[in-house]
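This report refers to the structure that appears directly beneath it.
The values are calculated or read from the model by the stated rules, or taken from the named source; none is laboratory data. Worth saying up front: this structure is predicted, and the values here are computed from it rather than measured. Cβ coordinates were reconstructed from backbone atoms using ideal geometry, including for glycine residues, and neighbour counts include every protein chain displayed. SASA here: full protein model, heavy atoms, side chains in, ligands and nucleic acids out. Shrake-Rupley method; radii C 1.70, N 1.55, O 1.52, S 1.80 Å.
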Amino acid sequence: MNQNRIFFLDNLRSAIILLVVVFHAALAYMIYAPEWWYVVDTKRVLSADIFVIWADIFIMPVMFFISGYFGIKSFAKRSQATFWKDKWKRIGFPWIFGAMVLAPHTAYLMLASRDIPMSFWDFYQNLFWGVAYQQSHYWYLGALMALYLLMTIVCIIYPELKEQKTASKPSGRFIFGLGILGAIGVGVVNSICSDGAWIHPLYLLVLQPTRVPLYLIYFALGIYAYRKQWFTQTGYSPCAKFWIPAFILMSIVYTTHKLLTQAIFQLSPADYLVLNATLHSFFCLASVFGLLSLFKVTFDYTTPMWATLSATSYPIYYVHQTIVQEMNWAVRPMDTNAFVKYAIVCVVSLTLCYLIGKFVLLKIPAFGPSKRKSINM
């Protein structure tokens, strides 16, 4: 067994990607589903809204933290040319293919599930490159490429960023500052555009503006954690006795806030914006540190199951949206309740994603095991 391997980060990433699959499956059954969401079902339940509200906050910040941690580790051990050759093979080209070839088909389900008659070709020519443009879940790969480019530029200006420092623990003031910085970022952007808005500058990146500050913060935090040798014997590991209860508490506080604050207190738009941005940021903070501590304490090892999930997690992420939306579409005519439909979609989607990932995508060099034992997503 490789004693230098940080197994709990592999396992956390695998668990988050499985959560992404069931998260995207749940949106079809939300009472207040986004107007643009691909497939919406006639059967809807409030529990789907609660689950989506909860999971939506921390899924991607956790992913960006892990990507930052292993990204700078990989960059520090390779030449720039080797690093970027690997990133284009494993992330860049799959991103372009997914965004240009697979995403249009997923987007077309927006019309099909709403019984709007239009051929796919008409949709592709007239709507996809206009009001319906998006990159499905492949936006994350594009955002990663942008962040790796930013990391490269900063490392050229400040080469010491690639060097690990003496192991040290962050102060409480530093961690609290992350929450405040995130709240300011979310609040400022939310004062300009709504939380549900997406933009696609020059058709290159597709981003949810209110989330960008947190993505930057937690990607940078991943870099910081590597440099300060977090998770080593002498380095910092989040305290599970504090952060897991904080995660649970903030889960309750944030979801309750989103469901009931305005109905009960009827705050002014400005007051609600400040409160929402603060709770959003500190729930995200508690989630990232809480999940890191949970997996560090309970899943810092590997087994054949965890190793298989780690190897197939990127392929699962890559194919999942197409499969999930097709399954949501397939069960939509069924005359049964939302819970049964959701269970069918989750079980079938997870199974198909795993099988396609393991027996098809892992055969492709971009998704196959890397010669270097590090997370490459």
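Estimated purely from DSSP H runs of n ≥ 4, each contributing -39500 (n - 2.57), the mean residue ellipticity at 222 nm for the chain is -21500 deg cm²/dmol once divided by its residues.
Ligands, DNA and RNA left out, the accessible area of the chain computed with a 1.4 Å probe is 69% carbon and sulfur. Can you find, among 194, 48, 174, the residue sitting farthest towards the positive end of the charge dipole of the chain, where Lys and Arg contribute +1 and Asp and Glu -1 at Cβ? After comparing all options, I get 174. Taking each residue as 0.36 nm, the span from residue 252 to residue 171 lengthens on full extension beyond its C-alpha to C-alpha distance by 26.6 nm. In this Cβ point-charge picture (+1 for Lys and Arg, -1 for Asp and Glu), the chain has a dipole of about 1580 debye about its Cα centre.
Counting only Cβ charges, +1 for Lys and Arg and -1 for Asp and Glu, the dipole size of the stretch 1-106 around its Cα centre is about 700 debye. Assuming a ≥ b ≥ c are the square roots of the Cα gyration tensor eigenvalues, decide whether the stretch 1-75 counts as rounded (a/c under 1.5), prolate (otherwise, with a/b larger than b/c) or oblate. In terms of gyration-tensor shape, prolate.
Can you tell me the mean projection area, over all orientations, of the convex hull of the chain's alpha carbons? Units nm², please. Intermediate results must be reported in sequence, preceding the final value.
Details: hull surface 78.4 nm².
Computed as one quarter of the Cα hull surface, the answer is 19.6 nm².
For residue 260, the accessible surface of its heavy atoms amounts to roughly 80 Å² (probe 1.4 Å, protein chains only, rounded to the nearest 10). Per residue, the convex hull spanned by the Cα atoms of the stretch 150-216 amounts to 123 cubic angstrom.
Please tell me the relative contact order of the stretch 185-267 in percent, rounded to the nearest whole number, where contacts are Cα pairs under 8 Å and at least six residues apart. If you can, show how the numbers build up before the last one.
Details: 37 pairs, mean separation 14.2, N = 83.
It rounds to 17 percent for the stretch 185-267.
With contacts taken as Cα pairs under 8 Å at a separation of at least 6 residues, the chain carries a relative contact order of 29 percent.
Tell me the per residue accessible area of the chain using a 1.4 Å probe; a whole number in Å² is fine. Don't skip to the answer; put the middle values down first.
Values: 17210 Å² over 377 residues.
So the chain comes to 46 Å² accessible per residue, rounded to a whole number.
Classify the stretch 234-367 from the C-alpha gyration tensor, please: rounded if a/c falls under 1.5, else prolate or oblate depending on whether a/b exceeds b/c.
Values: a/c = 2.51, a/b = 1.27, b/c = 1.97.
Since a/c reaches 1.5 but b/c is at least a/b, the shape of the stretch 234-367 is classed as oblate.
Length available on full extension from residue 198 to residue 119: 0.36 nm per residue minus the Cα-Cα distance, which gives 25.9 nm. Name the shape class, rounded, prolate or oblate, that the alpha-carbon gyration tensor gives for the stretch 187-292, where a ≥ b ≥ c are the square roots of its eigenvalues, rounded holds for a/c under 1.5, and otherwise prolate holds if a/b is larger than b/c and oblate otherwise. Because a/c hits 1.5 or more and a/b fails to exceed b/c, the stretch 187-292 counts as oblate.
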